[in-house]
Structures are given as structure tokens and as C-alpha cells.
Amino acid sequence: MSDELRWRACLVRLPDEIFFELIRNYVGEVKTPFNKHDLIARLESFLRSPRVHDRIVSLIDSADAKVLSAIALLHEPTYDTLFEFFEHQIAPIDLHHRVLNLEERLVIYSDPESRRIRFTPFLSETIAGVVRTENIVQLVPFNTTTTRSPWLTDAFLLGLFSYLSDAPDPFKTAGGVKKRVADEMRAVFPGIETRFGAATRLDAILSALTRLALLRPDAGRTTVSIDDWVAYGELTPYLRRVNLYAACLATSPADITDIAGLLSHLDAAIPPDVAFDRDTFDRIVRLVRINTGRRSALTAEYFQILIDLHVIIDEQDRYWWNTLAFRDPSFAAPEPHESPLIVHPNLEVTVKPWIEFIEGLRVCHSMRIRVFDVYARYELDKASLFRALDDGVTVEEVKARFEALAPVPQNFIFMLDAWADEHGSVQILDGIAVVVDEDRRHIIEHYGPFQRHVRRALAPGVYLMARADEPHWRAELAAAGISPVPETRRFAGDHVTHDTARSWRTSDVQPVTFLKPGPGAYTPDDTAAVRARIIESADLESLTDDQRLEFTRRVESRVILFPEQVAAAVARTEKVEAKGLDYIGKVRLIEQVLRGRGTALEIVERSATGAPKKHLIRPESLDKKATELVLVGTTIPDGGAIRIRVGKIGVVRKVRTGLFHE
């Protein structure tokens with residue numbers, strides 16, 4: 001349905017009282033017989049007039065422009081979404097009156113089904129001149145001379161993978177990093193003890209790797225699986241970084257994907273070469289979260305963590321978004337055929353930072369890192385090689401990996417072969433042993449689908465199987481004719497390892513929010529002067545005092561655009577407010593709203609300190625308690641329960657919940 005058809009349909013469905021009030025206000029008296037569609041056509045013709053466009057814009061003030069800009073940036077939000085965005089910025093009751101007033105001025109409308117707020121179609125191009133990013137977020141042009149490349153680089157991750165693969169367990173039982181491990185890592189990774197929020201980079205990165213399931217603490221032992229890291233390496237470099245940043249911000253693995261999406265959207269939304277303050281950034285985050293549905297909780301110190309990550313740069317008391325934090329660092333282009341490795345005769349290996357990540361994992365799998373620098377230095381040693389061989393890699397595969405990337409000295413190959421021979425003399429294997437009696441062995445010995453899962457045949461009829469593949473090889477046992485497949489027999493005291501699911505984002509986002517800096521915040525006309533001219537030009541001689549007051553009220557609320565609309569003031573006689581000692585008037589107004597539809601109550605009561613306190617209430621009942629009447633209802637927009645004695649109420653006003661919805 002087109003915007004124009006939707007707008008007409010919404011008008012047709014308005015209650016008669018509201019519909020005819022709009023028609024009388026903008027295009028004059030309704031003569032019988034009438035046709036609603038003809039009346040809507042007259043109103044549409046009125047709204048298409050350039051004169052009307054100019055007047056409507058001349059009456060838009062800064063507060064209007066702020067709300068209209070939010071509607072545009074939030075992509076036709078619902079009422080609840082708009083209230084959520086302005087939480088702690090505009091009081092709910094003031095925002096309600098502002099939105100209702102913009103509806104009465106026919107600048108915006110909403111359809112009852114979706115409750116989405118839209119610009120009136122005939123005015124949308126005119127309103128576009130008012131809608132500006134700077135009405136919502138204050139982005140200041142800012143050319144920085146500072147360049148901050150990310151410290152969470154692929155090269156850094158390769159070093160961590162190598163170190164943590166050899167570390168028995170970096171964590172204390174009570175939490176935190178062991179002193180010995182921290183001392184070693186400080187020597188290997190300079191700068192890793194830099195403060196990071198309330199912790200250090202070391203604490204933060206180890207926690208992040210744990211949440212990503214790249215580091216798996218389990219029963220006093222920490223495991224690092226090459227398969228997990230290769231799976232992570234299959235992500236794009238951008239996604240590897242954004243997931244790591246998200247893991248530093250997340251409080252649980254379940255939040256990582258959501259926060260990674262939020263960071264990606266922020267990276268797309270925030271333009272380069274602009275600065276912002278903390279309040280502005282919080283508004284940008286709120287805007288993006290609402291637009292994308294990314295609602296995972298962020299800790300109170302998330303902003304400081306982004307600074308520590310160098311995602312946000314603090315410079316000259318201003319902040320700017322460091323888009324380089326999500327991109328590959330700029331390296332000098334290597335010479336043609338230049339190797340990413342240098343293999344030294346003393347078994348040291350220099351790994352250059354542009355090595356492809358998964359290739360780097362494969363070679364670092366069999367080495368121990370010594371120093372992480374611009375060019376990281378590793379060393380081939382027996383324990384590291386044994387680790388790779390224990391993971392099922394053959395020594396021939398290890399040699400092939402090095403030889404594919406760099407010239408390899410002969411003594412390097414000699415040590416690989418010597419240590420590989422030594423490795424086979426004593427082995428400790430992890431897995432599940434499947435033991436098959438001789439009379440049934442023939443069933444599975446020649447059944448290929450099961451044999452493909454066998455890690456090693458330990459003896460005739462004894463097969464070592466991987467725990468991670470248990471569901472698959474169990475299914476193949478059943479398919480081979482072993483029925484029922486027995487349960488795994490475990491001995492008393494055995495600890496069963498429970499795999500942690502990988503929690504990271506695997507795809508890029510489609511950006512939905514773009515903050516385009518323009519000419520600055522909207523500067524309104526002198527709306528008070530425009531309203532004064534309307535009143536001065538109107539012929540009020542034939543009106544009573546009450547009608548003059550009503551005309552002035554409508555001009556001040558900007559629903560009267562021109563002096564010739566003076567006749568609209570004659571129609572309104574309904575009482576909408578009771579205050580002070582008018583107890584009966586307050587009760588009658590409450591009863592009217594309880595009987596009617598599409599209206600609510602604005603209540604002003606005195607707080608314990610004597611200050612006025614406002615509520616917007618959807619009333620549900622008027623209960624009698626002893627000699628007092630009590631108003632019972634729910635607050636708008638949060639729906640909280642409320643009970644107020646009528647005697648405590650200073651002012652009661654009858655207000656609409658909305659022009660186009662109840």
C-alpha cells in the first residue's frame with residue numbers, strides 16, 4: 001500500500017468526533033450531505049499547498065525537529081520504540097504531548113495496527129529539510145593526526161595460541177591469572193599488563209578467549225584446540241576482530257554474537273573525521289540498538305573498555321571512532337616471493353605479521369613463542385612438537401608446512417625426525433575405546449563408514465574414537481548392525497568433559513543506520529512571532545471571550561495556521577481540566593475517561609517534598625476506600641500500576657492517547 005493510500009485509510013478509520021474536528025479546523029465547516037472521502041480530498045488539497053508547507057515549517061521549533069529527526073533515524077518507529085529512545089532525555093508525559101501535538105498538526109500520523117509513526121506523505125519532502133542528524137547527535141568535524149592500529153591483531157593471536165597451548169593452566173582456582181603465568185606473559189608480550197577498565201589487557205584477553213571457547217578451562221586443566229582456532233580462522237579478519245572486541249565487552253558467551261553485530265553496525269554508522277562526547281555516543285548506541293534489535297546488556301564501563309581496546313580514541317577531550325581497529329594493519333608490501341617465515345639454524349623461527357592466519361596456526365602449533373614484537377620470534381622445541389603430534393599431525397605434515405613457507409635448514413629437519421621417533425615411545429591418548437569381541441569383530445572391521453571415524457586401532461578389536469565425534473560413530477555402529485549400541489562405561493570418579501559451544505558471529509551485518517553530518521542542528525524561525533502575527537491578523541470581533549481564549553490556545557498549539565481558521569474556535573466547549581478545590585469536577589472528568597475510548601488522564605499531584613509530580617495514566621477504575629475515592633490505573637508508557645487518592649490530586653486533565661490509535 002502506498003503512503004498516500006495508507007494515510008487516507010487511517011483518516012477514514014478515525015472516530016467521527018476526531019475526524020470532523022480535524023476537517024473543521026483545517027478546511028472549514030462540514031455541510032450535509034457529506035462524503036468522508038470528499039472531505040479527505042479537501043484536506044489533502046489543503047496539505048499540498050506550498051503556502052501551507054511554508055507555514056507548517058515556520059511553526060516547527062527545536063523540540064519538534066528533535067522528535068521528527070528521531071522518527072526518521074529510527075525508520076518509522078512505534079510509540080513504544082520512540083519512548084524507549086528518549087528515555088532519560090524527555091519526560092514521558094512531555095513526549096506524549098509533543099507526539100500528539102504533531103499528529104494534530106498533521107505533520108505525522110500512525111496506523112492503528114502497527115502503531116508505526118510516519119510522516120504525512122504530502123509533507124515528507126518539506127519535513128526532510130528539518131530532519132538532521134545533528135538534532136539528535138552532536139557530531140563535530142575533527143581531523144586527527146593520531147593513528148592507532150589495533151593491538152588485537154592476527155599476529156598477536158598467533159602468539160597467544162602458541163603460548164597458551166603450552167601453558168598447563170593460566171587460571172587460579174579462585175579466579176584471576178596465576179602470578180607465574182602473568183610474569184611469563186609480561187616478558188613475552190610487552191604491554192599486556194596495560195590497564196584495561198578495572199583489570200588488565202591480560203585478564204581481558206584471557207576472559208574473552210574463554211567466552212569464545214578458544215580457551216577451555218575444565219577441571220583444573222585448560223585446553224587449547226587447534227580445531228577451534230582453525231574454525232575461528234575461517235572467519236574474515238574483520239569478523240575475527242569484531243568478535244574479540246565483543247567478547248571483551250560481553251558478560252557471557254551468549255551475548256557475543258549480539259554485541260558483535262552491534263559493534264559492526266556502529267562501525268558502519270559513525271562517519272570518519274568526526275568527534276563526539278560521551279552522551280552523544282550513548283545516544284548513537286541507543287539508536288543503533290533499537291534499529292537492529294541488539295539488546296544484550298552492556299556493562300557500565302563499556303565505554304572505557306572500547307577506549308582501552310583503541311576502538312574509541314580519547315584525544316584533546318574529544319572522542320572519535322577508530323575504524324582502523326576493525327581493519328588489517330597496514331604493512332609494507334612484501335617483495336615478490338618473500339617468505340612469511342625465517343627459519344634459523346638454531347631452531348628459532350621469525351614469523352612476519354602478514355602471514356595468513358590459518359597457515360600461521362599450522363606452523364605455530366608445533367612451536368613455542370619466545371618474544372612477541374613487530375616480527376614475533378618462536379622456537380621449535382620438543383614439547384611443542386609433541387603437542388602437535390598428539391593432536392594427530394604427522395611429522396611429515398609438520399615438515400611440509402614449514403617447507404611450503406620458507407627455506408628450511410637441514411638440522412631443523414633432522415631435529416623434527418629425531419623428536420618424532422622419540423615421541424612414539426610413550427603415548428597418553430585421550431578418547432573413547434570401543435572394544436569388540438572376536439565373534440562380532442567382522443561386522444565392523446570392513447564397514448567403511450565406521451572405520452573412517454577410528455583414530456587408532458590399539459589392538460585387534462580395540463579402537464580409539466574421538467569424544468567429539470561420538471554421536472556420529474555411534475550412529476555408524478548402529479548402521480553396521482550393532483543393536484542396541486551400548487552406553488559408554490565410565491569408572492567411579494571419572495570426570496566427563498562437556499564441550500562448550502562456539503559463540504561467535506559468522507556473517508557480516510547489513511547496516512541500517514547511517515549518521516550523515518549535515519549543516520548542523522536545525523535553526524527554527526521565530527515561532528512566537530509567527531503565532532503573534534496570526535492572532536493580530538484574525539477577526540475576533542464576533543467571538544465571545546471563551547472563544548477568543550480557545551482561538552488563542554489553538555494558535556499557541558500550532559493547529560491553526562492562518563487567521564481565516566478563526567471559525568474553528570467556535571466549536572470547542574468541552575471541559576478538559578479540573579483543579580484545585582473542584583473535587584466534583586475531577587471526579588466527573590475521571591468518570592468521562594473511564595466511559596470513553598482513546599483518552600487518558602494527566603494527573604499532577606504533590607510529592608512528599610511539595611514539588612509537583614506528573615503522571616500520564618490510563619484509568620481502570622475509581623474505587624471507594626472509606627470516605628475517599630481512589631483512582632486505579634496504569635502509567636503510560638511503561639504500564640506500571642498506580643493508585644492515587646483523588647483528594648491528593650492537584651490537577652486532572654483529559655488528554656488523548658493518540659489521534660490515530662487508542
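The values are calculated or read from the model by the stated rules, or taken from the named source; none is laboratory data. This is a predicted model, so every value here is computed, not measured. As a convention, Cβ positions derive from the backbone with ideal geometry for all residues, glycine included, and neighbour counts pool all protein chains shown. What goes into the accessible areas is simple: the full protein's heavy atoms, side chains included, and nothing from ligands, DNA or RNA. Shrake-Rupley method; radii C 1.70, N 1.55, O 1.52, S 1.80 Å.
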### Message
So for the chain, averaging the separation of alpha carbon pairs under 8 Å that are six or more residues apart and normalising by length, what relative contact order in percent results?
### Response
17 percent
### Cα-based radius of gyration of the chain once divided by 2.2 N^0.38 Å, which approximates compact folds
1.37
### Query
Going by a ≥ b ≥ c, the root eigenvalues of the Cα gyration tensor, does the range 194-315 fall in the rounded group (a/c under 1.5), the prolate group (a/b larger than b/c) or the oblate group?
prolate
### Query
Along the range 537-548, what does the Karplus equation 6.51 cos²θ - 1.76 cosθ + 1.60 (θ = phi - 60°) give for ³J(HN,Hα), rounded to whole Hz, x for Gly and Pro?
7, 7, 8, 9, 4, 7, 8, 6, 4, 5, 5, 5
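Roll a 1.4 Å probe over the protein chains and send me the accessible area per residue for the chain in Å².
Numbers: 32480 Å² over 662 residues.
Per residue, the chain has 49 Å² of solvent-accessible surface.
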### Query
Translational D (Stokes-Einstein, µm²/s) of the range 55-185 at 25 °C and 0.890 mPa s when Rh comes from the Kirkwood sum over C-alpha pairs?
127 µm²/s
### Query
For the chain, which whole-number percentage of the solvent-accessible area (1.4 Å probe, protein heavy atoms only) is attributable to carbon and sulfur atoms?
51 percent
#### Entry: Cα long-axis angle, helix 201-211 against the chain (0 to 90 degrees, to the nearest 10)
90 degrees
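By accessible area of protein heavy atoms, probe 1.4 Å, what ranking do L543, L5 get, highest first? Please list the in-between numbers first.
On the way: L543 20, L5 95 Å².
Result, largest first: L5, L543.
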### Message
Using only the alpha-carbon atoms, how far is helix 92-104 inclined from the longest principal axis of the chain? Give it as 0 to 90 degrees, nearest 10.
### Response
60 degrees
### Query
Tell me, which longest segment in the chain has none of the chymotrypsin sites (Phe, Trp or Tyr not before Pro) that fall in DSSP loops with at most 16 further Cβ atoms within 10 Å?
143-330
### Query
Summing Lys, Arg as +1 and Asp, Glu as -1, what charge do residues with Cβ under 14 Å from the Cβ of I642 carry, I642 excluded?
+1
### Query
So which aspartates and glutamates can K172 reach, going by Cα to Cα under 20 Å and dropping same-chain residues fewer than 8 places off?
D183, E184, E193, D203, D218
### Task
Compare the Cα positions of F20, Y109, A204 along the charge dipole of the chain (+1 at Cβ of Lys, Arg; -1 at Cβ of Asp, Glu; about the Cα centre) and return the one farthest towards the positive end.
F20
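Rounded if a/c is under 1.5, else prolate if a/b is larger than b/c, else oblate: which is the range 512-662, with a ≥ b ≥ c the root eigenvalues of its Cα gyration tensor?
Working: a/c = 2.26, a/b = 1.37, b/c = 1.65.
It is oblate, given that a/c is not under 1.5 and a/b is not larger than b/c.
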### Message
Net charge within 9 Å of P524 by Cβ-Cβ distance, Lys/Arg positive one each and Asp/Glu negative one each, not counting P524 itself?
### Response
-4
## Note on the structure
Restricting to Cα pairs under 8 Å and 6 or more apart, the percent relative contact order of the range 342-455 works out to 23 percent
### Task
Can you spot the lysines whose alpha carbon is less than 27 Å from K179's alpha carbon? Ignore those fewer than 8 places along the same chain.
K382
### Task
Give the distance, in whole Å, between the Cα centre of the range 370-426 and the Cα centre of the range 120-143.
61 Å
### Query
Which of the lysines could be linked to K575 by a straight reach, that is with a Cα gap under 23 Å, when you skip same-chain ones fewer than 8 residues away?
K586, K613, K614, K648, K654
### Summary
For the range 74-130 the GluC sites (Glu not before Pro) that pass both the DSSP coil test and the at-most-14 other-Cβ-within-10 Å test are E87, E113
## Note on the structure
Residues whose modelled amide H sits under 5 Å from the amide H of R456, counting only those 5 or more places away in sequence or on another chain, are L464
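When a/c reaches 1.5 or more, the comparison of a/b and b/c decides; with that in mind, is the range 388-479 rounded, prolate or oblate per its Cα gyration tensor?
Prolate.
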### Query
Where the only charges are on Cβ atoms (+1 Lys, Arg; -1 Asp, Glu), what is the dipole of the chain about its Cα centre, to the nearest 20 debye?
2220 debye
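Count neighbours as other Cβ atoms within 10 Å of each site's Cβ, and list the trypsin sites (Lys or Arg not before Pro) in the range 518-614 that are DSSP loop with at most 12 such neighbours.
Working: sites: R531, R533, R548, R553, R554, R558, R572, K575, K579, K586, R588, R595, R597, R606, K613, K614; in loops: R558, R572, K575, R597.
Sparse-neighbourhood loop trypsin sites (Lys or Arg not before Pro): K575, R597.
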### Summary
Relative to the chain, whose Cα atoms define the longest principal axis, helix 583-595 and its Cα axis are tilted in degrees, nearest 10, by 60 degrees
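Tell me what the chain gives for mean residue ellipticity at 222 nm when only DSSP H runs of n ≥ 4 count, each as -39,500 (n - 2.57), the sum divided by the residue total, rounded to 500 deg cm²/dmol.
Details: 26 runs with 270 residues, N = 662.
The helix-only estimate for the chain comes to -12000 deg cm²/dmol at 222 nm.
Work through the residues other than T513 whose Cβ is under 13 Å from its Cβ and net out their charges, Lys, Arg +1 and Asp, Glu -1.
Details: positive: R283, R286, R289, R294, K516; negative: D267.
Combined, the nearby Lys, Arg, Asp and Glu give +4.
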